[in-house]
Amino acid sequence: MDDVTRGAAALTAGYGSSKLVAMDQHELLIRVLCVAGGTEMESALPRDYAGERADALFERYDVVVEVKTLATDRANDPKIWDALGQMFAENVHEGAPIIFGQTKIGLHDLPENIAVKALRIAGKRVQREAAKANRQIKASKAALGRENAFGLLVLVTPPSGTDRRSLLWLVKDALRDGACSSINGVYLVETPIAAPFNVAGKIDSFLSFHSRGGRWFPRALRKRIGAAWGMVTGQGGILAREEDFHRYGASG
């Protein structure tokens, strides 16, 4: 999955409308997509359709969109840490650390094979969401007679212990070897707006687009989504390279 976004939006300023207070992050992104010209999938599908469905359709651009949100702070989930501890104990012979008490370990401190295993444990939810999104997008394409439409996964996350680069790696890992073939690109949105847990001190939002296999995604639609984000949230955007996001306060 290649990062083709050199003009990703690092968004700053206030939260805008007080109407956002009662929204969750999924609702926030659906509103943004509709302001950008998208149609909620419920309205686009045949009335008698009863299968799995994605969230939105951009008919003009032939793009089917599914929004997935990460609603828990898995970096602080005791179950995840228990699973990681067990994995470390079982892989000491491969270079996994021996843990005594409580400690903080960075992925960059681990051997590559152990880091990969750790990331897959911590990111199991992300990969399940990618697989589910693929099914929903594929089913919606078929029901609409748009099998060649661009399938876009919008992944929304509060700023948390799982950083942007790790999230992208997890999605790429879920799409390896041709898996989840109905997903042609990922729009990663890191935002404190409508976050489901405390993200004190975080203000900015970061949006970046990443394509899979060089599949073309309309630049005009990217601009429309970025403009719609500003209209809905009140956050004015600036352009920045995705690899420079950390300079503005993004995770990772």
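The values are calculated or read from the model by the stated rules, or taken from the named source; none is laboratory data. Quick caveat: nothing in here was measured; it's all calculated off a predicted structure. Because the Cβ atoms are built from the backbone with ideal geometry, glycine has one as well, and the counts that use them run over all protein chains shown. Heavy atoms of the whole protein, side chains included, go into the accessibility calculation; ligands, DNA and RNA do not. Shrake-Rupley method; radii C 1.70, N 1.55, O 1.52, S 1.80 Å.
Annotations for the structure displayed:
- Within the stretch 154-181, residues that are over 16 Å from residue 128 (Cα atoms) and open to solvent by 10 Å² or more (accessible area, probe 1.4 Å) have Cβ atoms under 7 Å from residues that are of a type in the set (A, V, I, L, M, F, W, C) and not in a helix (DSSP H, G or I) in these pairs: 159/199, counting only partners at least 6 apart in sequence or on another chain.
- The sole residue among 75, 83 that is surrounded by 15 or more Cβ atoms within 10 Å (Cβ to Cβ), modelled with pLDDT under 95 and within 23 Å of residue 160 (Cβ to Cβ) is 83.
- Looking across the stretch 182-199, the residues that are open to solvent by 20 Å² or more (accessible area, probe 1.4 Å) and of a type in the set (A, V, I, L, M) come down to 194, 195, 199.
- Test: residue in the stretch 102-110 that is outside any loop (DSSP other than H, G, I, E, B), modelled with pLDDT of 75 or more and within 24 Å of residue 128 (Cβ to Cβ): no
- Inclusion of residue 202 among residues that are in a helix (DSSP H, G or I) and either open to solvent by 40 Å² or more (accessible area, probe 1.4 Å) or of a type in the set (Lys, Arg) (or both) is not warranted.
- Among the residues making up the stretch 9-41, those that are at pLDDT below 95 and either part of a loop (DSSP other than H, G, I, E, B) or open to solvent by 60 Å² or more (accessible area, probe 1.4 Å) (or both) are 13, 14, 15, 16, 17, 18, 19, 21, 22, 23, 24.
- Among residues of the stretch 31-74, those that are of a type outside the set (A, V, I, L, M, F, W, C) and closer than 21 Å to residue 194 by Cβ, counted: 10
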